[in-house]
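Asker: Attaching a single structure in structure tokens format; questions to follow.
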Amino acid sequence: MLVLDVSSSMEGQKIAELNEGVRQFLQEIREDEFALHSVELGVVTFGGRVTAALEFAPLKDVVDLQNFSAFGNTPMGEAVNLAIDALEKRKNQYKRAGVSYHQPWLVLMTDGMPTDYSWNEAAQRLRQMADNKKAVVIGVAIGHECDMQTLAEFCPADKPPVRLSGLKFGEFFAWLSHSMSLVSQSTPGMSPDLPSIDGWADIET
Amino acid sequence: MGNNVVVFDKPHGGTPLRLSQPVGTGGEGAVYVVPRPNDGKGIAVKVFSEKKLKESRNFLSEKLAVMVKKGRKNGGTLIRHPGVAWPQMLIYGDDGKFVGYAMRHAKGVTISRLAHAQLYKTHFPNLDRVKVAKMLVKLLKSADDLHRQHIRIGDVNLNNVLCDGDYNPCWIDAGSYQIGVGDENDGPRYPDESAEKFHAKTKIWRCPVGRPEMTPPEHLGKDYSQIDRTYAGDLFSLAILAFQCMMLGKHPYEYIKCGSPVENLMKGHFPYGNSGIPAGRTGDAPQGPWRPMWNHYPDAIKQLCTRALAKEGRRPSARPHLKEWIIALQAYSQTLNQSEKHRREMIPQAAKPQNLTRSQFWGRMRA
């Protein structure tokens with residue numbers, strides 16, 4: 001599940017690189033036959049309002065996404081709540097059908113800080129999910145305006161958010177698709193060794 | 001190693017082998033296919049990554065040299081074995097240092113595509129229970145041949161076997177197997193675990209890799225490079241692999257409601273079969289196609305799975321031997337071939353035919 005900041009501060013090169021990164025992610029991950037048959041993808045964007053840009057769907061049914069445009073404030077809490085609700089719903093469907101599943105991944109990317117009132121609650125909810133191993137939460141900060149401390153409240157203590165080095169969206173999404181392909185080849189309930197994040201992470205912060 | 005790297009079949013003055021696109025890459029290195037110097041036939045060359053060589057070049061070159069030598073013994077039984085891609089020669093870089101080894105070019109794709117609820121349709125579209133049983137018989141016979149040569153496979157998993165379209169499986173990644181020198185007289189192949197000691201003069205090159213969810217409970221949580229693999233350990237891992245092949249990739253310890261696969265493996269928490277947990281209770285066999293898929297296997301095979309994977313299988317000496325698996329699987333494929341009564345498809349829609357008791361039979365006749 002991708003939860004992406006498309007608020008007005010993302011205007012310009014940031015949103016362009018994000019769009020290109022997501023496009024490339026879809027292309028790369030579809031080339032892996034294991035991922036194609038087991039990964040499901042959902043996208044929630046927040047910018048002015050919260051949008052389910054892509055309802056949760058098996059990768060093989062996903063058509064290309066429309067480009068996002070930057071607009072409005074940053075209702076991150078609401079977006080995270082919507083994403084968690086979608087994940088929980090899907091998990092319950094799996095449980096009822098007796099389908100085993102890998103821990104879902106939730107990628108939260110932002111260049112600012114939440115502007116909605118209820119973000120604390122959403123942050124706590126997400127953090128708890130990660131702490132209880134119900135989800136893998138990856139917080140990615142874009143640029144130096146991003147408030148790392150606030151973003152950290154959404155992430156588990158042992159996996160703090162990482163700042164993207166420059167605008168290396170491409171490198172980040174390449175890492176994400178590689179990770180997804182390793183996860184989809186592993187036994188549900190097991191966590192495979194993931195590739196190094198050195199390619200996209202800003203290590204100095 | 002990138003494209004167009006040249007390696008050699010001797011440290012100095014060897015024939016150059018030009019590597020182009022790898023046919024497979026993994027954590028340890030990459031595999032390329034090149035024409036063999038003497039006859040132009042395709043051979044597979046595994047070149048270890050710089051990182052791997054930096055860590056353990058000496059260990060690997062020594063171990064692979066022992067393997068190549070062992071492969072040529074007894075008229076080349078191992079090198080010529082159709083079910084094992086055994087190392088045939090060592091491969092060197094242009095500085096004369098060891099970088100990898102060459103083996104037979106095995107055809108096909110990894111059986112992680114056969115034991116997969118979706119991908120089998122692409123790679124093995126005519127897969128059925130007869131084909132799975134026959135493939136497993138060949139695979140386990142090859143494993144038995146390796147054991148007879150005092151080799152422990154160690155890192156048994158769905159990515160270490162290739163299978164072609166005619167269901168001929170081949171063990172790959174032989175470089176990781178555990179091999180010893182001087183262990184030719186270490187007694188019967190399946191002694192009690194406690195008695196499975198190595199000869200005092202034995203030198204062992206261990207299998208330093210593995211996956212926790214495929215590892216026998218007695219070896220779990222230990223550093224793979226520090227443990228001596230055993231035949232009984234292989235029997236456990238091979239039982240998981242056989243189960244996965246028969247169940248379209250389902251891991252035997254993978255549950256919906258309780259525990260991680262490794263926790264369940266430690267406890268011998270195997271939910272299938274007669275001794276399993278009743279449906280509806282916590283930890284029972286997963287719903288969906290898995291129950292009918294399992295139920296349609298004959299009791300002999302179910303019992304082998306249970307003996308290896310349920311609680312009693314935690315005792316290494318209690319695990320069924322490969323011979324028992326081979327006999328049961330052969331009998332199963334024969335039954336399927338001879339009788340229309342049993343379902344051949346992987347996921348049968350109809351209920352399993354029952355052997356009726358006398359009174360049930362007459363009861364139905366009257367009705």
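The values are calculated or read from the model by the stated rules, or taken from the named source; none is laboratory data. All values derive from a computational prediction rather than experimental measurement. Don't worry about glycine lacking a Cβ; one is built from the backbone with ideal geometry, like all the others, and counts go over all protein chains shown. In case anyone asks, the SASA skips ligands and DNA or RNA and just uses the protein heavy atoms, side chains included. Shrake-Rupley method; radii C 1.70, N 1.55, O 1.52, S 1.80 Å.
Asker: Consider region B:35-48. How many of its residues are open to solvent by less than 30 Å² (accessible area, probe 1.4 Å) and either out of contact with any Ser or Thr (no Cβ under 9 Å at 6 or more places or on another chain) or free of Cβ contacts under 8 Å to residues at least 40 places away in the same chain (or both)?
Answerer: Counting residues in region B:35-48 that are open to solvent by less than 30 Å² (accessible area, probe 1.4 Å) and either out of contact with any Ser or Thr (no Cβ under 9 Å at 6 or more places or on another chain) or free of Cβ contacts under 8 Å to residues at least 40 places away in the same chain (or both) gives 5.
Asker: Would you say residue A:34 is within 14 Å of chain B (Cβ to nearest Cβ) and either open to solvent by 60 Å² or more (accessible area, probe 1.4 Å) or not aliphatic (A, V, I, L, M) (or both)?
Answerer: When the stated conditions are applied, residue A:34 passes them.
Asker: Test of understanding: among A:79, A:123, A:130, A:70, which residue is hydrophobic (A, V, I, L, M, F, W, C), open to solvent by less than 30 Å² (accessible area, probe 1.4 Å) and assigned to a loop (DSSP other than H, G, I, E, B)?
Answerer: Selected residue: A:70, the only one of A:79, A:123, A:130, A:70 that is hydrophobic (A, V, I, L, M, F, W, C), open to solvent by less than 30 Å² (accessible area, probe 1.4 Å) and assigned to a loop (DSSP other than H, G, I, E, B).
Asker: Another question about this same structure. Of A:152, A:123, A:135, which residue is under 13 Å from the mean Cα position of the chain (by Cα) and either modelled with pLDDT of 95 or more or under 25 Å from residue A:168 (Cα atoms) (or both)?
Answerer: Exactly one residue qualifies, and that residue is A:135.
Asker: Name the single residue, out of those in region A:182-194 being under 16 Å from residue A:29 (Cβ atoms) and open to solvent by 30 Å² or more (accessible area, probe 1.4 Å), that is nearest to the other protein chains (Cβ to nearest Cβ).
Answerer: For region A:182-194, the residue satisfying everything is A:185.
Asker: Touching a Pro at 6+ places or on another chain (Cβ under 8 Å) and in contact (Cβ under 8 Å) with a residue 12 or more places away in the chain: is that true of residue A:189 in this structure?
Answerer: yes
Asker: While we're here: Could you list, in sequence order, all residues of region A:37-67 that are within 14 Å of chain B (Cβ to nearest Cβ) and loosely packed, with under 15 Cβ neighbours inside 10 Å?
Answerer: A:58, A:60, A:61 - these are the residues of region A:37-67 that are within 14 Å of chain B (Cβ to nearest Cβ) and loosely packed, with under 15 Cβ neighbours inside 10 Å.
Asker: Six or more apart or on different chains, Cβ atoms under 9 Å: show the pairs whose first residue is in region B:70-87 and closer than 22 Å to residue B:33 by Cβ and whose second is open to solvent by 100 Å² or more (accessible area, probe 1.4 Å) and part of a loop (DSSP other than H, G, I, E, B).
Answerer: Filtered contacts from region B:70-87: B:71/B:80; B:86/B:80.
Asker: Which condition does residue A:161 not pass, out of (1) out of contact with any strand residue (DSSP E or B) (no Cβ under 7 Å at 6 or more places or on another chain); (2) surrounded by 18 or more Cβ atoms within 10 Å (Cβ to Cβ); (3) within 28 Å of residue A:72 (Cβ to Cβ), if it passes all the others?
Answerer: Checking residue A:161 against (1) out of contact with any strand residue (DSSP E or B) (no Cβ under 7 Å at 6 or more places or on another chain); (2) surrounded by 18 or more Cβ atoms within 10 Å (Cβ to Cβ); (3) within 28 Å of residue A:72 (Cβ to Cβ), the one that fails is (1).
Asker: Does region A:195-205 hold any residues that are more than 14 Å from chain B (Cβ to nearest Cβ) and at pLDDT 90 or above, and which are they?
Answerer: A:197, A:199, A:200, A:201, A:202
Asker: Scan region A:91-112 residue by residue and report those that are open to solvent by 50 Å² or more (accessible area, probe 1.4 Å), in contact (Cβ under 8 Å) with a residue 12 or more places away in the chain and over 16 Å from the mean Cα position of the chain (by Cα).
Answerer: Once the filter is applied, which keeps residues that are open to solvent by 50 Å² or more (accessible area, probe 1.4 Å), in contact (Cβ under 8 Å) with a residue 12 or more places away in the chain and over 16 Å from the mean Cα position of the chain (by Cα), region A:91-112 yields only A:101.
Asker: Right, something else. Do you know which residues across region B:104-137 are farther than 26 Å from residue B:289 by Cβ and open to solvent by 30 Å² or more (accessible area, probe 1.4 Å)?
Answerer: Correct list: B:104, B:105, B:107.
Asker: Can you tell me which residues in region B:23-48 are farther than 14 Å from residue B:173 by Cβ and in a loop (DSSP other than H, G, I, E, B)?
Answerer: B:36, B:37, B:38, B:39, B:40, B:41
Asker: Name the single residue, out of those in region B:255-265 being at the interface with another protein chain (Cβ under 10 Å from one of its Cβ atoms) and open to solvent by less than 10 Å² (accessible area, probe 1.4 Å), that is farthest from residue B:116 (Cα to Cα).
Answerer: Step by step, filter region B:255-265, then rank; the result is B:264.
Asker: Give the number of residues within region A:82-105 that are within 14 Å of chain B (Cβ to nearest Cβ), part of a helix (DSSP H, G or I) and in contact with a helix residue (DSSP H, G or I) (Cβ under 9 Å, 6 or more places away or on another chain).
Answerer: So the answer is 0.
Asker: Among B:25, B:15, which is surrounded by fewer than 17 Cβ atoms within 10 Å (Cβ to Cβ) and either touching a helix residue (DSSP H, G or I) at 6+ places or on another chain (Cβ under 7 Å) or closer than 20 Å to residue B:177 by Cα (or both)?
Answerer: One residue alone meets the criteria, B:25.
Asker: Please specify each residue of region A:1-26 satisfying the condition of being within 13 Å of the chain's Cα centre (by Cα) and of a type in the set (Asp, Glu).
Answerer: If the condition is that a residue be within 13 Å of the chain's Cα centre (by Cα) and of a type in the set (Asp, Glu), then A:5 is the only one that fits.
Asker: Would you confirm whether any residue within region B:150-158 is surrounded by fewer than 18 Cβ atoms within 10 Å (Cβ to Cβ) and in contact (Cβ under 8 Å) with a residue 12 or more places away in the chain?
Answerer: No: region B:150-158 contains no residue that is surrounded by fewer than 18 Cβ atoms within 10 Å (Cβ to Cβ) and in contact (Cβ under 8 Å) with a residue 12 or more places away in the chain.
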